[in-house]
Amino acid sequence: MTIVEQPPAIAARGLSVGYGEVVCVQDLTLEVRRGEIVALLGANGAGKTTTLLGLAGVLPPRSGSVEIGGSVVTSPTHARARAGLAFVTQERCVFMGLSVRDNLRVGGCDPDTALDYFPELKPHLKRTVGLLSGGQQQMLAVARAIARRPAVLLADELSLGLAPMLVDRIFEVLTAACRADGMAVLLVEQQINKAMLIADRCAVLRRGRLVVVDGAAAMRGRMSEVRDLYL
């Protein structure tokens, strides 16, 4: 019996991207498979967010390619979103002037499904999102993204500005959704210890180049090396 290996949910193949004349990420090759969480780590300015923008189609490739489901994609971000890509940016991607319920509707997801992930939001359905705490806004952004059952989730600094307890709660839900729905997650995160606890693999960028890719358990045993890469 021949076992056919499934292609990665998303992959960069020799990808180089940047801004204007400046190339910030060079020759990046990285795969994320369905049901897998990969933590993309590195110091500020290493190219982590730029990598996500390239994968999402916000930045065009200077060279190399992006594959989704084994096929090369050149489509814009909105087309990739319709094809099963979700992207939670550092800005949290919520409409501050709309209610929680309307944010979920605009996001094209079933509100009940989103609230199953974060029941904490149920008492706030009619509240304007701008009146919520930063943690509640981030819960909403994540709930709206994963309730669409995307094949791929790109997540940029979900912990930014949040208390540790809230970060743990969001990571708990993210992990459960990944395992239950087979979602591939590429997680950019500065809190490396928390990221390593939920990730299957870790990839470290330094000055726009991928320098280490290893299993999360193995990486936890190489923390001194990882810290050196941040310096």
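Each value in this text was obtained by applying a stated rule to the coordinates, not by laboratory testing. Just so you know, these numbers come straight off a predicted model, no measurement behind them.
The shape of the range 1-123 comes out oblate: with a ≥ b ≥ c from the C-alpha gyration tensor, a/c is at least 1.5 while a/b does not beat b/c. Converting phi to 3J(HN,Hα) with the Karplus coefficients 6.51, -1.76 and 1.60 and the offset θ = phi - 60°, the range 13-29 yields 10, x, 6, 10, 9, x, 10, x, 8, 9, 8, 9, 10, 10, 6, 8, 10 Hz in sequence order, with x at every glycine or proline. Between the helical axis of 164-181 and the dominant principal axis of the chain, each derived from Cα atoms, what acute angle in degrees is found, rounded to the nearest 10? Tilt of helix 164-181: around 80 degrees. Close amide H pairs (under 5 Å, H built 1.01 Å from N) link Leu153 with Ala86, Ala184, Val185, Leu186, residues at least 5 positions away or on another chain. Across the chain, the relative contact order, built from alpha-carbon pairs under 8 Å that are at least six residues apart, equals 28 percent.
By the rule of a C-alpha distance below 25 Å, with chain neighbours fewer than 8 residues away ignored, the lysines paired with Lys194 are Lys48. DSSP finds beta bridges in the chain, and of those with both partners inside it, around 55 percent are antiparallel. Taking one quarter of the surface of the C-alpha convex hull of the range 36-81 gives a mean projected area of 4.0 nm². Summary of the geometry: the range 91-158 and the range 190-221, compared by the centres of their Cα atoms, lie 27 Å apart. Go ahead and estimate [θ] at 222 nm for the chain from helices alone: -39,500 (n - 2.57) per DSSP H run with n ≥ 4, summed, over the residue count, rounded to 500. -9500 deg cm²/dmol, from helical runs alone.
For the range 128-228, the Cα gyration tensor yields ellipsoid semi-axes of 25, 16, 12 Å (square root of five times each eigenvalue, largest first, whole Å). Take every pair of alpha-carbon atoms less than 8 Å apart whose residues are at least six positions apart; their mean separation over the length of the range 114-180 yields a relative contact order of 36 percent.
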